[in-house]
């Protein structure tokens, strides 16, 4: 199996989950990207995307933390991550959905040299 296939297979198992990145940050794995040099785990911290080279590793948290502790990451993301329609207490659902959709579109608009090679998974898992 080639590297790209292995990376996409790993993404299918971990997409939408919180992981520890090679820079020791806890973020959600939302996509796989590539440019002319490398493949990348694309992670999201609730505000910005980070492209982490696939030369490094991801450390999954789901199934390794106590279930109630992992669910706390989910709860906090629902009220704090800008891609979630429940962010800020969801006082104006339609306005907030417009905000989230525009936010995600702006966030995932890439330069010509980079592209996503997987779906973008905004679901919390």
_Theoretical ellipticity at 222 nm over the chain - DSSP helices of four or more residues, -39500 (n - 2.57) apiece, nearest 500_ = -10500 deg cm²/dmol
_Net length gained if the chain between residue 123 and residue 108 were fully extended (0.36 nm per residue, minus Cα distance)_ = 3.9 nm
*Anyone know which of 71, 104, 95 comes out most mobile in the 10 Å Cα GNM of the chain?*
95
*Taking 7 Å along the Cα-to-C-beta vector as the label spot, tell me the residue 36-residue 69 distance in nanometres, rounded to one decimal.*
4.4
*Ranking of 41, 64, 103 by count of other Cβ atoms within 10 Å, fewest first*: 64, 103, 41
*Computed over the chain: relative contact order in percent, which uses C-alpha pairs under 8 Å that are six or more apart*: 28
_Calculate the FRET efficiency for residue 92 and residue 48 from the Cβ-Cβ distance with a Förster distance of 25 Å, rounded to the nearest 0.05._
0.55
*Comparing 67, 80, 52, which has the greatest mean-square fluctuation in the GNM of the chain with Cα pairs linked when under 10 Å apart?*
67
*In nm, what is the difference between 0.36 nm times the number of residues separating residue 80 and residue 1 and their Cα-Cα distance?*
24.6 nm
*What's the exposure ranking of 113, 21, 108, going from fewest to most Cβ atoms within 10 Å?*
113, 108, 21
*asked:* Using Cβ counts within 10 Å as a stand-in for footprinting exposure, how do 79, 30 rank, fewest first?
replied: 79, 30
*Consider the candidate values (1) 47, 39, 22; (2) 63, 36, 34; (3) 78, 40, 23; state which one is Cα extents along the principal axes in Å computed from the structure displayed.*
(1)
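Where a number appears in this text, it was derived from the coordinates with a stated rule and is not lab data. The shown structure was predicted, so the numbers you read here are calculated from the model rather than taken from an experiment. Note: ideal-geometry Cβ built from the backbone for every residue, glycine included; neighbour counts use all protein chains shown.
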